[in-house]
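Before any comments, here is the structure.
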Amino acid sequence: MEPGTILLRGLRAHAFHGCLPEEAVVGGTYEVDLDVHLDMGPSRRSDHLADTVDYSLLQRCLREELLQRSALIEHVAGRMVQRLFAEEPRILWLRLELRKINPPIDGDVDYVAIVLERDRPHTAVSQVPEQGS
């Protein structure tokens, strides 16, 4: 096993999540950052896209889930995680951050965010990156 991490940063979209009625009409800006941990040995040796996680697949899954309306961004983030594990068996572990930019709350707030870190079910602990690595 040759562990490695693919980073996808700053996926941005306009979507219509929220509990307030006006959020369903006006919408807002959302951003996603994603880290996926996988075995990079096969792709390093072969130089074939079929042996790694395709960045465009990650982007497409995230964007499609982001554009499906939900009341809570926790729900959106959870759907994203489930979809990524379902679509790409090479992902062993992931960290996803979903940010709601300029949320409609009292005060000057840049964003609120949900962070989910998940192992693929039945993944050996030794395959999961240590914190800070």
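Quick note: the coordinates plus some simple rules give every number you see, no bench work behind them. Bear in mind that the values here come from a model prediction, so they are computed numbers and not experimental data. In this analysis, Cβ positions are derived from the backbone assuming ideal geometry, glycine residues included, and neighbour counts consider all displayed protein chains.
How would you rank S43, S56, going from fewest to most other Cβ atoms within 10 Å of each one's own Cβ? It would help to have the intermediate numbers written out before the result.
Values: S43 18, S56 8.
Exposure proxy ranking, most exposed first: S56, S43.
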Under 12 Å by backbone N from the virtual spin label 7 Å along Cα-to-Cβ at T5, the residues of the range 36-73 are 36-38
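Would you kindly state how much longer the chain becomes between Y111 and D35 on full extension, computed as 0.36 nm times their sequence separation minus their alpha carbon distance, in nm to one decimal? Working shown, then result.
Working: separation 76, 0.36 × 76 = 27.36 nm, distance 1.98 nm.
Extending this stretch completely gives an extra 25.4 nm.
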First select every other residue whose beta carbon is under 15 angstrom from the beta carbon of D33; then total the charges, Lys and Arg +1, Asp and Glu -1. +1
In degrees between 0 and 90, to the nearest 10, how far off the longest principal axis of the chain does helix 73-87 point, with axes built from Cα atoms? 30 degrees
Listing L20, L58 from the residue with the fewest other Cβ atoms within 10 Å to the one with the most, what is the order? L20, L58
I need to check one value: relative contact order of the range 3-108, counting alpha carbon pairs closer than 8 Å and at least 6 residues apart, in percent. 35 percent
Let's test the formula: R0 of 22 Å, r as the Cβ-Cβ distance of E74 and D54. What FRET efficiency results, to the nearest 0.05? 0.25
Can you work out the base-10 log of I(q)/I(0) for the chain at q = 0.20, 0.21, 0.22 1/Å, using the Debye formula on its C-alpha atoms alone? -1.12, -1.20, -1.29
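Using a Förster distance of 22 Å, how high is the FRET efficiency between S46 and A86, based on the Cβ-Cβ distance and rounded to 0.05?
On the way: r = 24 Å, r/R0 = 1.11.
After rounding to 0.05, the efficiency reads 0.35.
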Loop-only chymotrypsin sites (Phe, Trp or Tyr not before Pro) in the range 7-71, please: DSSP not H, G, I, E or B, and at most 16 other Cβ atoms within 10 Å. F16
Could you tell me how many degrees, from 0 to 90 and to the nearest 10, lie between the Cα long axis of helix 55-66 and the main elongation axis, the longest principal axis, of the Cα atoms of the chain? 30 degrees
